[in-house]
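The values are calculated or read from the model by the stated rules, or taken from the named source; none is laboratory data. Worth saying up front: this structure is predicted, and the values here are computed from it rather than measured. Here the Cβ positions follow ideal geometry from the backbone for every residue, glycine too, while neighbour counts run over all protein chains shown. Heavy atoms of the whole protein, side chains included, go into the accessibility calculation; ligands, DNA and RNA do not. Shrake-Rupley method; radii C 1.70, N 1.55, O 1.52, S 1.80 Å.
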Amino acid sequence: MSRFLATGSALAALCAPVLATNASPAAAAGIHVPPDKIVIEVATVNGSGCPAGSAAVAVSPDNTAFTITYSKYLAQVGIGALPTDFRKNCQLNLIVHVPQGFTYAVASADYRGFAHLEAGATAVQKASYYFQGQADTSVASHPFKGPLADNWQATDTTDIAQRVWSPCGEERNFNVNTELTVAAGTSDPEKTTSFMSMDSTDGAINTIYRLAWKDCPSR
């Protein structure tokens, strides 16, 4: 079991865009942010898109976001691809230690990567979020189509009424399931290769999850 706690200037620099985005709206809306640090433990990491040691988690200094870093997340079809490479997934089971009196939900998530899709090829990025033992699940997907050879970004935004909140007074594991799927479509997989990644050759891609907070009702 791994434990990650936000420390150091490197993480602060990484999360700076998130802090600028989240701090002012939270203050303006009177949203209570826990004064104590959040500690996130990674209970399990499973999936073809996140082999052992290729995914890590960190928390922003102001507790408004956490970041998952992937380094080997690639789906592909065509020359050099295995039959199972068209779909890659990653399921992260996280233990989030929340300060007493608070509950949280994922308000939005930013996914980034690179895609090379031949004309006629398609791809889909999908994610779902839920707490262990709860039926409520938040699901979002984003389609892409070729020709495309560029960086990509997808943002999931959840309306307040649709947010899945952690149970007050209980510690429930939080599950993040992501998936990349690439299809050859009308392109020729015997002559071309199409792929979509949440990684890069010069460093890992960071997926940022922004948190919404509210006070638990007093008993």
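Straight-line reach from Lys145: which lysines have a Cα under 28 Å away, not including same-chain ones fewer than 8 places off?
Output for Lys145: Lys72, Lys88, Lys126, Lys191.
Subtracting the Cα-Cα distance from 0.36 nm times the residue separation, let me have the gained length for Glu190 to Gln132 in nm, one decimal.
16.6 nm
Mind checking the alpha-carbon convex hull of region 39-215 and giving the volume per residue in Å³?
119
Share of region 87-150's accessible area from carbon and sulfur, percent, 1.4 Å?
With neighbouring chains kept in place, the figure for region 87-150 is 49 percent.
What's the ranking of 38-46, 87-95, 56-64 by average number of surrounding C-beta atoms within 10 Å, highest first?
The densest-packed peptide leads the list: 56-64, 87-95, 38-46.
Pop out the ³J(HN,Hα) list for region 190-198 in order, Karplus 6.51 cos²θ - 1.76 cosθ + 1.60 with θ = phi - 60°, rounded to Hz; leave Gly and Pro as x.
Those phi angles translate into 7, 10, 9, 10, 10, 8, 9, 10, 10 Hz.
Applying a 10 Å radius around every beta-carbon, put 183-192, 100-109 in order of their mean neighbour count, most first.
100-109, 183-192
Tell me the per residue accessible area of region 39-215 using a 1.4 Å probe; a whole number in Å² is fine.
I get 44 Å² per residue for this part.
Which lysines have a Cα lying under 18 Å from the Cα of Lys37, excluding residues fewer than 8 positions away in the same chain?
Lys214
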